[in-house]
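Heads up, the thing below is written out as structure tokens.
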Amino acid sequence: MAGGLLPDDDLYARLEVAVDASPEAIEVAWRALLRQHHPDVAGSHPAALERAKRINVAHDWLSDPGLRARYDAERLGLGPIARGGARRPGYRPRVARHPWAHQPGSRATSARPSTRPDLVRGDPAERLARFLARVERLTPDELDRLAAAEPPPIAFLATVRRFLSPEAMQAFADAEAELVRRVPPDRWAEVGLREGLLGVAAELVLAPSLDDLLAEPFRGRARERLLRAWEASLDQPRHGPNGAGVEAVRARVARLTREELAAFLRGSQGIDGADRPWPEALDREEDEALRISALLAERDVAAAIAVAGLAPGTATRARRLAARLGHVTALRHAFPPAVYAGLVAPFTAATSARARGAAGPEVHRAR
């Protein structure tokens, strides 16, 4: 058990991982390096024994959250940070086919026929072929959802690829080439979309290597993380369970008059335009499908607002408030009615019949 004095070398360099490496990346690097430098392989030379010992010490410290935090703070001067892909113990993303179906206060929605390929049964070549065929049929909304999803930790994939056999490396490169052929170049350039698809390819093509390099619970977490963006994007409405409401708000925002916009801005004084309220009934980190829905609603509603002729500061403020409105509307089913009404009150008041009949404050226009 590690403890006591801090190690005198760079533990991250010893395992050849970045300082924000996920627990899964640390596990992969430790197992792969130890296989290379274990005395049974490298021989009993003192230098080989010392290197194997230091690899084990690095793993002992960096695989223990408490010891890792102490090492980061005392040796590297790093404060607590959100490590790439690292999650709290027991993390299990809850990505259901229709993730809102059992949420408190959710509204019933008609189930969509599933078009998800079976990525579990059949030999590896069959599963990969099913996946690639489905990639060719991705809809614009599914592509947008993949681009907005949280991708698998790039550092984890990079660590895995560094320790692959030449045969596994070639198999993964072939799968990547097939994806490039099936995805429009402009969409492949989007990091989230590209890494999300590569995560599925890694799970399908590199499963034997991952099974060999990762023990449970690391293997299960890695599998979930590699498939998470895909699972949260397929067969999902663009804006989630409240798509009709988001579209209605987007259309109404696009028709805002100068007076209504002025009233909306005035009624929103004191509200941080960057604020994105999240329902207490939901877990922001685990409800990935709903997070994507809310993010796309933000973008679509913000893009609908007419800002031509507005002063730059006013235009920015209007877009941010419109994005907040789209976000809240996408999550309407999970907010208590009174909370939701309060969140959208400035917009409701600005677009009411009484507000339209009253003189609004001046909106500053660019000169």
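Dipole check for segment 124-233: with +1 at the C-beta of Lys and Arg, -1 at the C-beta of Asp and Glu, and the Cα centre as origin, the magnitude is about 40 Debye.
Taking 0.36 nm per intervening residue step and subtracting the Cα-Cα distance, what contour gain separates MET169 from ALA215 on full extension?
Gain in length upon complete extension: 14.5 nm.
Remark: spin-label model distance ARG35-LEU6 equals 3.3 nm, labels positioned 7 Å along the Cα→Cβ axis.
Estimated at 0.36 nm per residue, the fully extended path between ARG187 and ALA48 surpasses their Cα-Cα distance by 45.3 nm. Which FRET efficiency value, to the nearest 0.05, is calculated for GLN269 and ALA248 with the Förster distance at 22 angstrom and r the Cβ-Cβ distance? E(calc), rounded to 0.05, equals 0.30.
Classified by the C-alpha gyration tensor, segment 153-232 has an oblate form. Its axis ratio a/c, with a ≥ b ≥ c, is 1.5 or above, and a/b does not exceed b/c. Projecting label points 7 angstrom from Cα along Cα→Cβ for ASP20 and GLU178 puts them 3.2 nm apart. For LEU310, nonlocal amide neighbours, meaning residues 5 or more places apart or on other chains whose placed amide H falls under 5 Å from its own, are ALA366.
Put a dot 7 Å past the Cα of ALA73, heading toward its Cβ, do the same for VAL57, and the two dots end up 2.2 nm apart.
One chain, two ends: ARG255 and ALA308. Fully extended at 0.36 nm per residue, the span grows by 17.8 nm beyond their Cα-Cα distance. Whole-Hz Karplus values for segment 56-72 come out as 5, 5, 4, 5, 4, 6, 7, 8, 9, x, x, 5, 5, 4, 5, 4, 4 Hz, taken residue by residue from phi with 6.51 cos²θ - 1.76 cosθ + 1.60 and θ = phi - 60°; glycine and proline positions read x. Only Lys, Arg, Asp and Glu carry charge here, each on its Cβ (+1 for the first two, -1 for the last two); on that basis segment 128-190 has a dipole of about 160 debye about its Cα centre. Protection proxy ranking, highest mean first, for peptides 138-150, 340-352, 317-329: 317-329, 138-150, 340-352, where packing is the per-residue count of other beta-carbon atoms within 10 Å, averaged. Ranked for footprinting exposure by Cβ neighbours inside 10 Å, fewest first, ARG225, ARG116, ARG255, ARG219 give ARG255, ARG116, ARG219, ARG225.
With the highest mean first, a sort of the peptides 302-310, 181-189 on other beta-carbon atoms found within 10 angstrom per residue produces 302-310, 181-189.
Only the coordinates and a few stated rules stand behind these numbers; no lab work does. None of the values given here were measured: they were computed from a predicted structure. A quick note on method: Cβ atoms are made from the backbone with ideal geometry, for glycine too, and the neighbour counts reach across all protein chains shown.
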